[in-house]
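Report on the structure given below.
The values are calculated or read from the model by the stated rules, or taken from the named source; none is laboratory data. The model shown is predicted, which means the values in this text are computed figures rather than measured ones. Quick reminder, even Gly has a Cβ in these numbers, built from the backbone with ideal geometry, and neighbours come from all protein chains shown.
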């Protein structure tokens, strides 16, 4: 019996190491549950809606809960990203159209430093609110791995549509009217 | 009693001391807090969008990160201050070495723990193996079967031929 103790311990240690490796790799994998749910026509709740993020270039914080009742077009961007530059005028134009209808674009800078983000906002004449996700925890909960990505959130705080790459005005025109017509 | 220096000599000595102090001060300050270099920092931080060391990364985000570091170096910040500023802008993920808490602790605990466990295992098993080897060496080998006369002759012939 005693001769099995040492090999047993070694096997247990190897199994524990393997489990740790599997756990670590699983934590790194991208969550696609939102994409799957939206593709099936469901509207999953926004993750981390109450997480308050610092407002770019100003004091204070803002969370999605603060915007409950509004249609929110959540746009994840970074100043160094060319597709983000290309879509910024489209989003700014949309903001002018939708803000009268209790809706807003909300920019979230990710993987970017604040001075570059502020310069981007000035250069692109962005008037919609922009918050910073320094840790990346907020956008990662949306399954975000890069920029730009856009999520359209209905008045009840649920994700109704998403785009994992550069958007265009046609996509916004197809997505927004129905949601703007909905009541909270 | 010391004689006071004549006025021009004293003035010259004072000017020389001031110039020497002015020349040495930056060098001494530099020795106290070494100036940060982009190469040094690049090796210790990560490109947060491509998840590889900044020194190797060539993405637009890496270029932006480098420009930010260059700006801080130009401002005269130390390496520690620059790393702190990078964490404030990009989060902890920007550091090459993860902070020692949560799941990241395994990075710091596991390797030394494995080394200690390995050494303990060797310390436990090696004396056992050596004892077993010594005991085996002390035990005389059992004598083989006796050779018959024909085999003994053939063995002698072979030994003579090849010996």
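Structure above, values below:
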item	result
Contacts under 6 angstrom Cβ, first residue in region B:116-128 being farther than 13 Å from residue A:9 by Cα and more than 10 Å from chain A (Cβ to nearest Cβ), partner modelled with pLDDT under 90 and not in a helix (DSSP H, G or I), 6 or more apart	none
Tally, over region A:110-127, of residues that are crowded, with 19+ Cβ neighbours inside 10 Å and farther than 12 Å from residue A:57 by Cα	4
Meets criteria (in a helix (DSSP H, G or I), over 21 Å from the mean Cα position of the chain (by Cα), within 11 Å of another protein chain (Cβ to nearest Cβ) and over 18 Å from residue A:134 (Cα atoms)) for residue A:22	no
Criterion violated by residue A:145 - all others in (1) modelled with pLDDT of 95 or more; (2) within 12 Å of chain B (Cβ to nearest Cβ); (3) over 21 Å from residue A:92 (Cβ atoms) satisfied	(1)
Qualifying residue in region A:58-77 (condition: part of a loop (DSSP other than H, G, I, E, B), crowded, with 19+ Cβ neighbours inside 10 Å and in contact with a strand residue (DSSP E or B) (Cβ under 6 Å, 6 or more places away or on another chain))	yes
Out of A:34, A:105, sole residue that is touching a strand residue (DSSP E or B) at 6+ places or on another chain (Cβ under 7 Å), away from chain B (no Cβ under 13 Å) and not in a strand (DSSP E or B)	A:34
Residue match in region A:114-128 (condition: within 14 Å of chain B (Cβ to nearest Cβ) and outside any helix (DSSP H, G or I))	no
Boolean, residue A:48 is part of a loop (DSSP other than H, G, I, E, B), on the phi < 0 side of the Ramachandran plot and more than 13 Å from chain B (Cβ to nearest Cβ)	no
Those residues of region B:36-66 which are assigned to a helix (DSSP H, G or I), surrounded by fewer than 17 Cβ atoms within 10 Å (Cβ to Cβ) and either within 8 Å of another protein chain (Cβ to nearest Cβ) or in contact with a helix residue (DSSP H, G or I) (Cβ under 7 Å, 6 or more places away or on another chain) (or both), in sequence order	B:38, B:40, B:60, B:63
Residues that are out of contact with any strand residue (DSSP E or B) (no Cβ under 7 Å at 6 or more places or on another chain) and crowded, with 21+ Cβ neighbours inside 10 Å, drawn from region A:128-142	A:134
Top-ranked residue of region B:77-106 - restricted to ones that are touching a residue at least 12 places away in the same chain (Cβ under 8 Å) and either outside any helix (DSSP H, G or I) or exposed (fewer than 14 other Cβ atoms within 10 Å of the Cβ) (or both), ranked as farthest from the other protein chains (Cβ to nearest Cβ)	B:78
Residue within region A:85-95 that is closer than 21 Å to residue A:174 by Cβ, within 14 Å of chain B (Cβ to nearest Cβ) and at pLDDT 95 or above present	yes
Residues of region A:52-78 that turn out to be touching a helix residue (DSSP H, G or I) at 6+ places or on another chain (Cβ under 9 Å) and modelled with pLDDT under 95, as a count	1
